[in-house]
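The values are calculated or read from the model by the stated rules, or taken from the named source; none is laboratory data. No experiment lies behind these values; they were computed from the predicted model shown. So basically every Cβ, Gly included, is an ideal-geometry build from the backbone, and we count neighbours across all protein chains shown. Just the protein is used for accessible areas: all its heavy atoms, side chains included, with ligands, DNA and RNA removed. Shrake-Rupley method; radii C 1.70, N 1.55, O 1.52, S 1.80 Å.
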Amino acid sequence: MTPVSPPGRNGQFPTGSGDRPMRADARRNRARILAAAEEVFTAKGAGASTEEVARLAGVGIGTVFRHFPTKEDLLKAIVTASVLRLAEQTQILLAEGEPQEAFFAFFAGMVEQAAGKKAIVDLLGDAASGMNAANPVNAWRQAIEALLVRAQLSGGVREDVRPPEVLAVLLGTCQAALAVGWDPELQERVLSIVFDGLRPH
């Protein structure tokens, strides 16, 4: 699968002669803004302000807007960064994991990582429902489909399960874990039930 580059990386910063330090500063600022935004929106939800993001990143609000003209742009960039991390993790499972174990390890890992990240899970669900070929969420979905097909070919997952159902169950389970505040023991029991439904009978 062709890697997807995060938005804003190409042509985001000045390219004139002698401006290399400014390009490096801009990259560092962008990275700080994204890290701060993920922390703020994870803690307070998508309704948090960009001013809070700027304060945590240690930059002016004007710097935030130069990189991300609107709050929606910033939220999309967080989703993109999250999805690219997920796609990378999924690719590693595809390359190294036994098909059945890789599929269920991915599912369990997603639910575990969802704890405390309600805003990110909400945004990921919104993005997945409106994806297109150029959307990085599509790269993540393609990786999930590959995991599913390999697991089905190995006999580890029911043949009648399709990618939309996997996404629906996965995102629904993540949302439930966030809403109820599952402890590790409850999470393990719930996943056991979900996995029994996905395995051949």
Next item on the list: Work out from phi, with θ = phi - 60° and the Karplus expression 6.51 cos²θ - 1.76 cosθ + 1.60, the ³J(HN,Hα) of each residue of region 75-83, listed in order in whole Hz, and give x for Gly and Pro.
Entry: 5, 5, 5, 5, 4, 4, 4, 5, 5
Note to self: Using amide H atoms built in the peptide plane, which far-off residues or other-chain residues are under 5 Å from VAL161 H to H?
What the structure shows: none
Next item on the list: Could you rank the peptides 80-91, 41-52 by their average count of other C-beta atoms within 10 Å per residue, with the highest value first?
Entry: 80-91, 41-52
Next item on the list: Keeping all protein chains in position, work out how much accessible area TRP182 exposes to a 1.4 Å probe, and write it in Å² to the nearest 10.
Entry: 50 Å²
Notebook entry, point to check: With θ set to phi - 60° and the Karplus curve 6.51 cos²θ - 1.76 cosθ + 1.60, what are the ³J(HN,Hα) couplings of region 63-70 in order, to the nearest whole Hz, using x for Gly and Pro?
Noted result: 5, 4, 6, 5, 7, 9, x, 10
Next item on the list: Kindly write out, for region 187-201 in residue order, the coupling ³J(HN,Hα) from the Karplus curve 6.51 cos²θ - 1.76 cosθ + 1.60 (θ = phi - 60°), rounded to whole Hz, with x marking Gly and Pro.
Entry: 4, 5, 5, 5, 4, 4, 5, 4, 5, 4, x, 8, 7, x, 9
Margin query: Assuming 0.36 nm per residue, please report the length gained on full extension of the stretch GLU101 to ALA43 beyond their Cα-Cα distance.
Written below: 17.7 nm
